[in-house]
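Read through the structure below, which is laid out as structure tokens, and then see the notes.
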Amino acid sequence: MLDVHFTVDVEIWCDGWVDIDQKFPDAFRKYIIGPTSSGDYGLPYQLKVLEDHALSASFFVEPLFSTRFGDQPLEEIVALIRNSHQEIQLHLHTEWVDESRQPLIANTATKRRHLFHYSLEEQTQLVGAGIFLLKKAQAPEVNAFRAGSFGFSRNTLRALHANGIGIDSSYNATRFGPASGVMPNVTVVEPIECEGVFEYPMTVFKDGTGSLRHVQLTACSYGEIEALLWKALEEKRSSFVILSHSFELLNPSKNRPDEIVVERFRKLCAFLDRNRDSFRTCGFQGLTPKAVPSQPAPLKVTPWKTGIRMFEQAYRRKYQ
């Protein structure tokens, strides 16, 4: 049995930092609800498909935006997820720190994009602020975290431990993971323990061209994901972490569904539903984390499956 963590980063962007107060209502609809002429394809749609297949997922909710725009939008997001009986965890995008109406830390003079740009003390304060904001919005207690854009450091794990969060899922070997200070010179692909926190890394793989990719709905074909799941099960991996976003089923303009990614999502949910005897979708609440003593090599897929993905991605770029 393989634990599959389907994780969704829930976040809002105003597509720039000019006139954000005027842009926010429309941005909320696009990034959370996902309205199109053929229906809504944002967070409510994802929750409904997961419910239809009785699958569990983890929703990493970014709350710092509410320090600019007020409590109600965050409360609406939390209520949507809670009412669907899915798990809420903490996500932080520090681009919001200097936009807050009340200072979250002492130094907010400049915009710092990644959490690792902040000191240990500042990271500890920001994680604490995120926990407070989610609790204020009536979210259950969180026990897992993901840094925005995977921009974490070893200090982030220390900050999480200081705030009582025992699980992190910020390590991505295709992004900042190797530079994070966590297990230098080792590609982390299975859970480890570091600074008193269990790290559940993004699942990454070598595609048919030899490139390292992380498993994400917009970045992989369905065939690649299914093949990787079977390979991980065969190799007795302990966990498989998949990434998605609340707006990921929409095209870049957020005005219509991305039919290929919607189909990937629906196929993946149906596959996990059919194969419950092999794959267990689960969150991080109630999980008994276990560190893997040695790190295996990243998974691999065959070139022809990667070729299908390249064709699909070319089609998506042309018709979006």
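Assorted remarks:
- Some residue of the stretch 15-30 being touching a residue at least 12 places away in the same chain (Cβ under 8 Å) and part of a loop (DSSP other than H, G, I, E, B): yes
- Phe60, sole failed condition from (1) of a type outside the set (A, V, I, L, M); (2) in contact with a strand residue (DSSP E or B) (Cβ under 8 Å, 6 or more places away or on another chain); (3) part of a helix (DSSP H, G or I); (4) within 17 Å of Ile165 (Cβ to Cβ): (3)
- Test: residue in the stretch 95-106 that is part of a helix (DSSP H, G or I), closer than 12 Å to Glu11 by Cβ and out of contact with any Pro (no Cβ under 6 Å at 6 or more places or on another chain): yes
- Total residues in the stretch 69-94, condition in a loop (DSSP other than H, G, I, E, B) and buried (at least 24 other Cβ atoms within 10 Å of the Cβ): 0
- Long-range neighbours under 6 Å by Cβ, at least six apart or interchain, first residue closer than 16 Å to Glu51 by Cα within the stretch 67-84, second open to solvent by 60 Å² or more (accessible area, probe 1.4 Å) and not small (Gly, Ala, Ser): Ser84/Glu51
- Set Gly128, Gly164: member being farther than 24 Å from Phe240 by Cβ and either assigned to a helix (DSSP H, G or I) or aromatic (Phe, Trp, Tyr) (or both): Gly128
- Within the stretch 131-172, the set of residues being of a type in the set (Gly, Ala, Ser), more than 24 Å from His85 (Cβ to Cβ) and surrounded by fewer than 22 Cβ atoms within 10 Å (Cβ to Cβ) comprises Gly148, Ser149, Ala162.
- Top-ranked residue of the stretch 106-124 - restricted to ones that are touching a residue at least 40 places away in the same chain (Cβ under 8 Å) and surrounded by 14 or more Cβ atoms within 10 Å (Cβ to Cβ), ranked as farthest from Gly148 (Cα to Cα): Phe116
- Within the stretch 10-49, the residues that satisfy the criterion of being on the phi < 0 side of the Ramachandran plot, open to solvent by less than 20 Å² (accessible area, probe 1.4 Å) and in contact with a strand residue (DSSP E or B) (Cβ under 8 Å, 6 or more places away or on another chain) are Val10, Glu11, Ile32, Gly42, Leu43, Gln46.
- Total residues in the stretch 173-210, condition open to solvent by less than 50 Å² (accessible area, probe 1.4 Å), hydrophobic (A, V, I, L, M, F, W, C), assigned to a loop (DSSP other than H, G, I, E, B) and touching a residue at least 60 places away in the same chain (Cβ under 8 Å): 3
- Summed over the stretch 255-274, the residues that are part of a loop (DSSP other than H, G, I, E, B) and either open to solvent by 30 Å² or more (accessible area, probe 1.4 Å) or in contact with an Asp or Glu (Cβ under 6 Å, 6 or more places away or on another chain) (or both) give a count of 2.
- Which listed residue is under 24 Å from Thr302 (Cβ atoms) and touching a Pro at 6+ places or on another chain (Cβ under 9 Å), from Thr203, Thr218: Thr203
- Some residue of the stretch 80-94 being more than 24 Å from Gln285 (Cα to Cα) and not hydroxyl-bearing (Ser, Thr, Tyr): no
The values are calculated or read from the model by the stated rules, or taken from the named source; none is laboratory data. Only a predicted model underlies this, so the values are computations on that prediction, with no experimental measurement involved. Neighbour counts are summed over all protein chains in view; Cβ atoms, including those assigned to glycine, are modelled from backbone coordinates with ideal geometry. With ligands, DNA and RNA removed, areas are computed over all heavy atoms of the protein, side chains included. Shrake-Rupley method; radii C 1.70, N 1.55, O 1.52, S 1.80 Å.
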